[in-house]
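The values are calculated or read from the model by the stated rules, or taken from the named source; none is laboratory data. Because the structure is predicted, anything quoted here is derived from the model rather than measured. Cβ: placed from backbone, ideal geometry, glycine included. Neighbour counts: every protein chain shown.
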Amino acid sequence: MKLPRTPSFRLDGRRALVTGGSRGIGLGAAVALAEAGAEVLIASRGRAEREAAVEEMRARGMVAEGAELDVTDLPAVRRLFAEHGPFHILVNSAGIARHTPALETDPEDYDMVMAVNARAAYFLAQEAARGMVTAHIKGSIIQVSSQMGHVGGADRAVYCASKHAVEGMTKAMAIEWGPLGIRVNTLCPTFIRTSLTEATLADSAKLRWIEQKIKLGRAGEVEDIMGAVVWLASDAAALVTGTSILVDGGWTAD
C-alpha cells in the first residue's frame, strides 16, 4: 500500500513580503515565515522598530531585511515591488482602527481607515499577483483581516466596513487568480495582545466583554496566529483559496 504523504509546511527558497511587519501580528507573521525557511522582507513606516526586528531575526539565524513603506502611497508600493519583487508570499498586516459611534464618525477618519485597510490592501494584492504572474510563481496572498470582517461591533462601523470589504475582494481575487495558481485568503484574528490593543485590554469592563465573547475565555497572543500564517503560505494549504481562517477563539461561532 502506498501511503499519502503530508505536504510540507516548509518555505525554503521562497520570498515573502510582510507589510506592517515590524510589530504585533505583522512581526509574528514575519518571524513565523522566516522560521519556516522563507526569506522575509519587512515593510513598514517605523524605521527604528523595523531595524530592531530585522537585527534580532538575523541574530537568530533567520533571513530578513527591511524596507520603508507607507501602504497608502501607491507609487511607493509599485517601486517596492519593482525593486524587491517578485514574491512567493504576501502577508498584508498593515492596518488602522479609529473607533467611534457611527453617529459620530468623521469623514476624515472614514477615509483614513478605508485608505489603509481596503484601498491599500487591494492594490498590494494586485502588485503581488502581477509579480507572481510575470515570474510564473504559484503564490499565496494572505490579507490580515479580522473577526470584525464577519460580524459587527459597537463603535466599529468603519472598521467593520473596511474588513468586510477585504473579505469580499479576497473572494473575487481568488476566483480570478485561481487559474493562475495564486491563492488568496484572509486571516481573521480576534483581539490579540499587541501595542495597538493594549489600552482596550487594560480596561477591565472591555476585557470582561471580550473574554465573554471568546469561547476559549482569553484574548489572543501573537503566537496564536503564527501557525495559521505558515499553513496558508505553504503547500499544506495548496487547495485553500477564497476563504477565511478565523483565529477568534470561537467569537463568531454564535
TODO: Can you confirm whether the stretch 180-187 contains a residue that is among the charged types (D, E, K, R), touching a strand residue (DSSP E or B) at 6+ places or on another chain (Cβ under 7 Å) and either closer than 20 Å to Phe87 by Cβ or free of Cβ contacts under 8 Å to residues at least 24 places away in the same chain (or both)?
DONE: yes
Picking from Gly66, Gly37, Gly28, Gly13, the residue that is small (Gly, Ala, Ser), crowded, with 16+ Cβ neighbours inside 10 Å and in a loop (DSSP other than H, G, I, E, B) would be Gly37
(message) Any residue at all in the stretch 74-85 that's under 22 Å from Ile225 (Cβ atoms), touching a residue at least 12 places away in the same chain (Cβ under 8 Å) and in contact with a helix residue (DSSP H, G or I) (Cβ under 6 Å, 6 or more places away or on another chain)?
(response) no
Checked pairs for the stretch 146-163, first without any contact (Cβ under 8 Å) to a residue 60 or more places away in the chain and outside any strand (DSSP E or B), second among the charged types (D, E, K, R) and crowded, with 23+ Cβ neighbours inside 10 Å, C-beta under 7 Å and 6 or more apart or across chains, list as Ser146/Lys163; Met148/Lys163
Checked against (1) at pLDDT 95 or above; (2) of a type outside the set (D, E, K, R); (3) surrounded by fewer than 22 Cβ atoms within 10 Å (Cβ to Cβ), Ala97 satisfies every condition except (1)
Picking from Leu11, Leu3, Leu103, the residue that is touching a helix residue (DSSP H, G or I) at 6+ places or on another chain (Cβ under 7 Å), at pLDDT 95 or above and of a type outside the set (D, E, K, R) would be Leu11
(1) in contact (Cβ under 8 Å) with a residue 60 or more places away in the chain; (2) buried (at least 16 other Cβ atoms within 10 Å of the Cβ); (3) closer than 25 Å to Ile182 by Cβ all hold for Pro7 apart from (2)
Going through the stretch 40-63 in order, the residues found to be among the small types (Gly, Ala, Ser) and either assigned to a loop (DSSP other than H, G, I, E, B) or under 16 Å from Leu196 (Cα atoms) (or both) are Ser44, Gly46, Gly61
- Query: at pLDDT 95 or above and either touching a helix residue (DSSP H, G or I) at 6+ places or on another chain (Cβ under 7 Å) or in a helix (DSSP H, G or I) (or both): does that describe Gly21?
  - Reply: yes
Of those in the stretch 121-145 that are crowded, with 24+ Cβ neighbours inside 10 Å, of a type in the set (A, V, I, L, M) and farther than 15 Å from Gly178 by Cα, the residue farthest from the chain's Cα centre (by Cα) is Leu124
Subset of the stretch 170-205, residues farther than 24 Å from Glu221 by Cα and surrounded by fewer than 18 Cβ atoms within 10 Å (Cβ to Cβ), comes to Lys171, Ala172, Ile175, Glu176, Gly178, Pro179, Leu180, Gly181
Next on the checklist: Suppose the filter is in contact (Cβ under 8 Å) with a residue 12 or more places away in the chain, under 18 Å from the mean Cα position of the chain (by Cα) and part of a loop (DSSP other than H, G, I, E, B); does Leu232 pass it?
Outcome noted: no
